[in-house]
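In what follows, a single structure is set out as structure tokens and then discussed.
Nothing in this text is a laboratory measurement; each read-out follows from the coordinates by a stated rule. Here the structure is a predicted model, which is why all the values come from computation and not from measurement.
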Amino acid sequence: MQQSKKTYTVQEAMSKLEHYCAYQERCHQEVVQKLTQMHMIPEAIDVIVVHLLQHNFLNESRYAKQFASGKFKIKHWGKNRISFELKKKDISKINIQEALNDIDDEDYLELFNTIAEKKAESIKENNVYKKKKKFADYFLYRGWESYLVYDKANELIK
């Protein structure tokens, strides 16, 4: 039994991608990947991406800001992790910097201090050095700046 792959006209694919982009912010990479999965030829992909850009369905700057805001507020990621993940999605340095600048410094430190205190209390370890390592590993993986992490570890764990 052979599976037939669904084919789309440029117009059908364009309509589908408009809905795809309207549902949630998307980056160029996600849109191109979706079109490739739909078995569109490179020329059609270019036409559709240009159409989405012209009609403001696709906006890299808006995507970067929304991504950074969401990952910071919901997943409690630090700026390093947000920046790294945006780079993986081929977002330009200018847009990444703009998105990170949108995160308020006061909110950033306030959130870090709040989750740092909770995390320090939750680590069940008697050895101070092991406890500090677990604390640091947790925050470094989530992209918080090392100077913040180590200063806070030394302050909270004694």
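For the reader, a short list of remarks on this structure follows.
- Range of Cα positions in the stretch 82-138 per principal axis (Å), largest first: 45, 25, 13
- Taking the Cα atoms of the stretch 10-54, the ratio Rg/Rh between the radius of gyration and the Kirkwood radius comes to 0.90.
- On Cα atoms only, tilt of 128-141 relative to the major axis of the chain in degrees: 20 degrees
- Overall shape of the stretch 45-86 was characterised from the C-alpha gyration tensor. The equivalent ellipsoid obtained from it has semi-axes of 27, 10, 6 Å, in decreasing order.
- Evaluated over the chain, the Cα radius of gyration and Dmax, each in Å: 21.2, 67
- Nearest-ten-degree value, helix 10-23 long axis tilted from longest Cα axis of the chain: 20 degrees
- Cross-link partners of K65 among lysines (Cα-Cα below 20 Å; sequence separation of 8 or more within a chain): K73, K75, K79, K87, K88, K89, K93
- Computed across the stretch 105-156, the Kirkwood hydrodynamic radius from all distinct Cα-Cα pairs reaches 11.0 Å.
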